[in-house]
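The values are calculated or read from the model by the stated rules, or taken from the named source; none is laboratory data. Keep in mind it's a predicted model, so treat the numbers as computed, not measured. Ideal geometry is used to build each Cβ from the backbone, glycine not excepted, and the neighbour counts take in all protein chains shown.
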Amino acid sequence: MEYIKLNNGVDIPILGYGTFQIPSSIAEECVLNALSVGYRMIDTAAAYFNEKEIGRAIKKSKISREEIFVVTKVWIQDAGYENTMKAFYTSLKNLDLDYIDLYLIHQPYGDYYGSWKAMEELYRKGKIRAIGVCNFSMERFVDLYMNCTIKPMVNQIEFHPFFQQNQVQNLLKDYNCQIQAWGPLNEGQRNIFKHEILEEIAKKHDKTVAQIVLRWHIQKHIMTIPKTIHKDRMIENMNIWDFQLDSEDFKKIDQLNLGYSEIIDHQCYATAKNLNKYKIHE
């Protein structure tokens, strides 16, 4: 496993296991399988409703806590200083852990400045090893960066061959903030697993399309968190360390960039309205 060093010196696995839309009924088994095949970063969120099951899987795995990097997130409903403090300790209890490795603001809406102050305090107390954001556009990221004390270490954003976010990449590099890619396989859209160009590159390296796309992320030094409920695909997604994409491969993949998301537009007023209305508790 390769690691990325965050701007505070913390090392984080470059490849992790995503649990978005994995129901609580199978989350424990899935995470146990992921850990058993070598994953050491697990990504969840309060809004995924599977923190308890993930916590149980970590305990059952018998892997030392220090080896497992746990990521979770605070939802919009819990934005603000006091709400985020409460939400954090709820997640900590659900996961049955003493600390969280990376705590993220899940969406760029609500009083995330108040949330950030709470996260800074929890970070100073050693309850969180690293803090960051998700889905922050360039202007929102820079505004938060300019108005906080502890600078964001991660921005978890949609990132894949069809939405390469080149400007965001350059900006975050300038601000020493790492990208963590959600939806690295475009949630299966654009028939990605049967895409002619990606299949051509996969055949060249005797790999699958998924392995090519994940290797592309790794060679761009971008953390990625693919999700699958199938153990064989977990193994497949981990088997990306024995080959290298070359410059011609990169040129072909660069041409796939659409320049926009087909999954969600976080700068759209309807997205802001709908996500603000979504409640995860009473």
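Kindly establish whether Arg190 is on the phi > 0 side of the Ramachandran plot and in a helix (DSSP H, G or I). Steps first, answer last, please.
Working: on the phi > 0 side of the Ramachandran plot: yes; in a helix (DSSP H, G or I): yes.
Considered against the rule, which asks whether it is on the phi > 0 side of the Ramachandran plot and in a helix (DSSP H, G or I), Arg190 comes out as yes.
Just to be sure I understand, how many residues within region 1-50 are polar (S, T, N, Q), under 18 Å from Thr72 (Cβ atoms) and surrounded by 15 or more Cβ atoms within 10 Å (Cβ to Cβ)?
Looking only at that region, the number is 3.
Going by the conditions given, is Gln211 among the polar types (S, T, N, Q), within 30 Å of Asn7 (Cβ to Cβ) and within 17 Å of the chain's Cα centre (by Cα)?
The answer is no for Gln211.
State yes or no: is Ile229 modelled with pLDDT of 95 or more, under 27 Å from Val10 (Cα atoms) and among the aliphatic types (A, V, I, L, M)?
no
Taking only region 222-275 into account, find how many residues are assigned to a loop (DSSP other than H, G, I, E, B) and of a type in the set (A, V, I, L, M, F, W, C).
Adding up the residues that qualify gives 12.
Looking only at region 147-170, filter to residues that are surrounded by fewer than 18 Cβ atoms within 10 Å (Cβ to Cβ) and over 16 Å from the mean Cα position of the chain (by Cα); which one of those is nearest to Arg124 (Cα to Cα)?
Taking the candidates together, the pick is Ile150.
Name the residue, out of Ile76, Ile63, Ile26, that is more than 27 Å from Tyr112 (Cα to Cα), of a type outside the set (Gly, Ala, Ser) and touching a residue at least 60 places away in the same chain (Cβ under 8 Å).
Sole residue among the options that is more than 27 Å from Tyr112 (Cα to Cα), of a type outside the set (Gly, Ala, Ser) and touching a residue at least 60 places away in the same chain (Cβ under 8 Å): Ile26.
Is one or more of the residues making up region 243-262 in contact (Cβ under 8 Å) with a residue 60 or more places away in the chain, of a type in the set (Val, Ile, Thr) and more than 25 Å from Val133 (Cα to Cα)?
Yes, that holds for at least one residue.
Which one is farthest from Ile128 (Cα to Cα), of the residues in region 58-103 that are among the small types (Gly, Ala, Ser) and surrounded by fewer than 21 Cβ atoms within 10 Å (Cβ to Cβ)?
Out of the qualifying residues, it is Ser61.
Scanning region 98-152 for residues that are of a type in the set (A, V, I, L, M) and in a strand (DSSP E or B), which turns out farthest from Thr224 (Cα to Cα)?
Start the filter on region 98-152 by keeping residues that are of a type in the set (A, V, I, L, M), which leaves 100, 102, 104-105, 118-119, 122, 128, 130-131, 133, 138, 142, 144, 146, 150.
Those left that are additionally in a strand (DSSP E or B): 100, 102, 104-105, 128, 130-131, 133.
Values: Ile100: 19, Leu102: 14, Leu104: 15, Ile105: 17, Ile128: 20, Ala130: 17, Ile131: 17, Val133: 15 Å.
Filtering region 98-152 for residues that are of a type in the set (A, V, I, L, M) and in a strand (DSSP E or B), the one farthest from Thr224 (Cα to Cα) comes out as Ile128.
Within region 196-227, take every residue that is in contact with a helix residue (DSSP H, G or I) (Cβ under 7 Å, 6 or more places away or on another chain) and in contact (Cβ under 8 Å) with a residue 60 or more places away in the chain and give me the one that is surrounded by the most Cβ atoms within 10 Å (Cβ to Cβ).
Among those that are in contact with a helix residue (DSSP H, G or I) (Cβ under 7 Å, 6 or more places away or on another chain) and in contact (Cβ under 8 Å) with a residue 60 or more places away in the chain, it is Thr224.
Identify the single condition in (1) surrounded by fewer than 15 Cβ atoms within 10 Å (Cβ to Cβ); (2) more than 19 Å from the chain's Cα centre (by Cα); (3) within 26 Å of Ala47 (Cα to Cα) that Gln255 does not satisfy, given that it satisfies every other one.
(3)
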